[in-house]
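Peer 1: Pasting in a structure now, in structure tokens, and then I'll have a few things to ask.
The values are calculated or read from the model by the stated rules, or taken from the named source; none is laboratory data. As the structure is a computational prediction, the values presented were derived from the model and not from experiment. Cβ coordinates were reconstructed from backbone atoms using ideal geometry, including for glycine residues, and neighbour counts include every protein chain displayed.
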Amino acid sequence: MKTNRRLPGAGERVPADTRAAMRAVRRALLFPVAIILLAAPAGLQGQRPGTDGSDEAAFLRAVGEHFSVPQQEVMVLAQWKLAPGEIPVALFLAERAGVSPDVVISQRRRGEGWMAISSEYSVHAGDFHVRIDGHAGILADAYERFSARAASEWNEIVLSDDEVVGFVNLRFLSRHLQVSPERVARELEDVDGVVAVFVRLRSTGGP
């Protein structure tokens, strides 16, 4: 007898075996598209004006490695007219929520803010917080809001889209490149664009 299986709600965790099956199907569907993109000229691949394509490719490769997402899948996601710095946000939320990254990106492309999307998956401001000592750069205002509340109240804080992108990339760049959050925060303030920050930190290293 056929039974109806209830689909998990937006805020519910998807079982590990189900997530694995979803990833396998998604990769099978995305792989042919990725091959086409790899063979396509630069214009079709959506290289952004004023951005070194090799730098952006290196950044996206690092993002895929950090979040354990196949490179061809990251390449496909990058074609969906998101800024490079937003790709880590989509993967971070997908990982936390146990959903496909393309679901998160579809929500973003429909105009939903990052905090609105996050709350649908029970991811709140406190989940983005990264401990930092010293000047927080472009995230200084957000850190002031965190410091003004007890940690138990951090989930009530509302972050802007730029702050969400800043926190996720602060965490990603610090951990992936093994540099201090303080160093990343300084670079995010002084250097134009997340890709440029990645290139500079990768080349100079240090704490």
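Peer 1: Looking at region 36-76 only, could you name the residues that are over 16 Å from Glu86 (Cα atoms), outside any helix (DSSP H, G or I) and modelled with pLDDT of 90 or more?
Peer 2: The answer is Ser68, Pro70.
Peer 1: What is the number of the single condition among (1) part of a helix (DSSP H, G or I); (2) closer than 20 Å to Val69 by Cα; (3) not hydroxyl-bearing (Ser, Thr, Tyr) that Met115 does not meet?
Peer 2: Evaluating Met115 over (1) part of a helix (DSSP H, G or I); (2) closer than 20 Å to Val69 by Cα; (3) not hydroxyl-bearing (Ser, Thr, Tyr) leaves (2) as the failure.
Peer 1: What residue, of Gly134, Gly126, Gly53, Gly64, is more than 22 Å from Val197 (Cβ to Cβ) and free of Cβ contacts under 8 Å to residues at least 60 places away in the same chain?
Peer 2: Values: Gly134 fails: more than 22 Å from Val197 (Cβ to Cβ); Gly53 fails: more than 22 Å from Val197 (Cβ to Cβ); Gly64 fails: more than 22 Å from Val197 (Cβ to Cβ).
After applying the criteria, what remains is Gly126.
Peer 1: Checking Arg108 against (1) surrounded by 14 or more Cβ atoms within 10 Å (Cβ to Cβ); (2) more than 16 Å from the chain's Cα centre (by Cα); (3) not hydrophobic (A, V, I, L, M, F, W, C): exactly one of these is not met. Which one?
Peer 2: With respect to (1) surrounded by 14 or more Cβ atoms within 10 Å (Cβ to Cβ); (2) more than 16 Å from the chain's Cα centre (by Cα); (3) not hydrophobic (A, V, I, L, M, F, W, C), Arg108 is out only on (2).
Peer 1: Which of the residues that make up region 157-185 are charged (D, E, K, R) and either surrounded by 18 or more Cβ atoms within 10 Å (Cβ to Cβ) or outside any helix (DSSP H, G or I) (or both)?
Peer 2: Within region 157-185, the first condition is being charged (D, E, K, R), and the residues that meet it are 161-163, 171, 175, 182-183.
Matches in region 157-185: Glu163, Arg171, Arg183.
Peer 1: Mind counting the residues in region 161-191 that are over 21 Å from Ser203 (Cβ atoms) and in contact (Cβ under 8 Å) with a residue 40 or more places away in the chain?
Peer 2: Restricting attention to region 161-191, the residues satisfying the condition of being over 21 Å from Ser203 (Cβ atoms) are 161-168.
Now narrow it down to the ones that are in contact (Cβ under 8 Å) with a residue 40 or more places away in the chain: 161, 164-165, 168.
Here the count works out to 4.
Peer 1: Any residue in region 137-155 that is farther than 18 Å from Ala78 by Cβ, in contact with a His (Cβ under 8 Å, 6 or more places away or on another chain) and surrounded by fewer than 15 Cβ atoms within 10 Å (Cβ to Cβ)? Before the answer, list the steps.
Peer 2: Going residue by residue through region 137-155, those that are farther than 18 Å from Ala78 by Cβ are 137-155.
Adding the requirement that they be in contact with a His (Cβ under 8 Å, 6 or more places away or on another chain) leaves 146, 154-155.
Adding the requirement that they be surrounded by fewer than 15 Cβ atoms within 10 Å (Cβ to Cβ) leaves 155.
Checking region 137-155: at least one residue is farther than 18 Å from Ala78 by Cβ, in contact with a His (Cβ under 8 Å, 6 or more places away or on another chain) and surrounded by fewer than 15 Cβ atoms within 10 Å (Cβ to Cβ).
Peer 1: Okay, moving on. Are there any pairs with C-beta distances below 9 angstrom linking a residue in region 98-109 that is over 17 Å from Pro70 (Cβ atoms) to a residue that is part of a helix (DSSP H, G or I) and of a type in the set (D, E, K, R), with the two at least 6 apart or on different chains, and if so which?
Peer 2: Pairs that qualify, where the first residue is over 17 Å from Pro70 (Cβ atoms) and the partner is part of a helix (DSSP H, G or I) and of a type in the set (D, E, K, R), are Gly98/Arg19; Gln107/Glu120; Arg108/Glu86.
Peer 1: Just one of Asp141, Asp133, Asp162 is over 19 Å from Ala62 (Cα atoms), out of contact with any strand residue (DSSP E or B) (no Cβ under 6 Å at 6 or more places or on another chain) and modelled with pLDDT under 95; which is it?
Peer 2: Working: Asp141 fails: modelled with pLDDT under 95; Asp162 fails: modelled with pLDDT under 95.
When all the criteria are applied, what remains is Asp133.
Peer 1: Provide a single number: the residues in region 77-105 that are in a helix (DSSP H, G or I) and either on the phi > 0 side of the Ramachandran plot or β-branched (Val, Ile, Thr) (or both).
Peer 2: So the first thing to find is which residues in region 77-105 are in a helix (DSSP H, G or I), and the list is 77-78, 84-97, 101-105.
Right, trim to either on the phi > 0 side of the Ramachandran plot or β-branched (Val, Ile, Thr) (or both) and you get 87, 89, 103-105.
Total satisfying the criteria: 5.
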